[in-house]
Ligand SMILES: [Zn+2]
């Protein structure tokens, strides 16, 4: 009996020496294949729920249930700063954790699951389930792997408001201790381009004085003129901003009756650029435009800087390299990657500024399919889209495993993160 035990221990040593490093990645991909059909069901349910931001209650509950089944310890009712999200994100945000066999790094995976008015036209059901697949793969190996996996359910991305899901969760401390953060996004391409536009919003309120618009206009102060002059002034400055700067505004209040000089008018602007410093510089000029309009019209300007702006993501090359290598092993070569010159903004930039973060764009739709379109929504429910989602889930899990088990790779990521941050805006 004793001899037998000794033998099997020796056999185990041989196994360890011959292929332990490769054994776990295989277990990860096998576990993901095994979880495939049930995760596909989860994806379709979320696609059908099509819950808008701050209303993703059923989607979050379903994901929490699935993560619990996988053995994760799930926490809902996460506390976040009140001034960012008024009623908290207790029913739509969550965190799931699984500890490994001992101390080690912490990898985080972010899930999104909010929809648009035309359904899952940004495919966030696939962000949620590629992350769920990765969580399933890692769950299989954590008992033999050092460190910890956390899965953060980040609601309410689409509205893009400062204070959106990730910013609130970040400030609430729910990413604390993360060494690396992973997320994915479906698209019409494979890409590891991390660029999003930094963004900050401004609401300008002008207060004037009402008067009869024909009989006594000389007694009035026209608040709407303040808004109009702000727009004109902003349009003149467009000539002198870098071409990646985007400024767009709407009039939210412009008077109530044509025969009354408007005493209250309001406009909202968003200002964006490929780096945070350029965005902030352009933003300061927009504020000056509103101040000029105040001076020019005599209407009083009310303006308060928002507490939060969205930063441009930090690109951490060694982290991209790890995902790229794993993608190649999964059959997606770098030659299939495609970059774009068309950008939006995302609250993931804020997370990427706090922790080394990578966003993998995976191809679910034909080249040129517009995001937020009905065609993209349909693609987020197809078999083709699902195949790419599985590859994305595997790439995330394998790269997370790299970070948990390979200290040299993690160190390179941490050094790359520091370097990239130091370069920001320069
Ligand atoms: Zn999206």
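The values are calculated or read from the model by the stated rules, or taken from the named source; none is laboratory data. Keep in mind it's a predicted model, so treat the numbers as computed, not measured. Virtual Cβ from ideal backbone geometry, glycine too; neighbours counted across all protein chains shown.
Quick look at the values:
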| quantity | calculated |
| --- | --- |
| Of all residues in segment 330-354 being under 11 Å from residue 193 (Cα atoms) and more than 15 Å from the ligand (Cβ to nearest atom), the one that is surrounded by the most Cβ atoms within 10 Å (Cβ to Cβ) | 337 |
| Members of segment 373-392 found to be within 14 Å of the ligand (Cβ to nearest atom) and part of a loop (DSSP other than H, G, I, E, B), listed by number | 373, 380 |
| All positions within segment 355-367 that are in a loop (DSSP other than H, G, I, E, B) and either within 15 Å of the ligand (Cβ to nearest atom) or surrounded by fewer than 18 Cβ atoms within 10 Å (Cβ to Cβ) (or both) | 364, 365, 366, 367 |
| Conditions (1) farther than 21 Å from residue 150 by Cβ; (2) assigned to a loop (DSSP other than H, G, I, E, B); (3) in contact (Cβ under 8 Å) with a residue 60 or more places away in the chain; number of the one not met by residue 346 | (1) |
| Scope segment 204-220; condition more than 12 Å from residue 262 (Cβ to Cβ) and in a loop (DSSP other than H, G, I, E, B); matching residues | 214, 215, 216 |
| Segment 184-206 - residue that is farther than 30 Å from residue 95 by Cβ and surrounded by 17 or more Cβ atoms within 10 Å (Cβ to Cβ) and, of those, farthest from the ligand (Cβ to nearest atom) | 206 |
| Qualifying positions in segment 110-158 - in contact with a strand residue (DSSP E or B) (Cβ under 9 Å, 6 or more places away or on another chain), on the phi > 0 side of the Ramachandran plot and modelled with pLDDT of 95 or more | 123, 147 |
| Residue among 395, 370 that is more than 16 Å from the ligand (Cβ to nearest atom) and either within 22 Å of the chain's Cα centre (by Cα) or surrounded by 14 or more Cβ atoms within 10 Å (Cβ to Cβ) (or both) | 395 |
| Residue in segment 311-319 that is within 28 Å of residue 29 (Cβ to Cβ) and within 16 Å of the ligand (Cβ to nearest atom) present | yes |
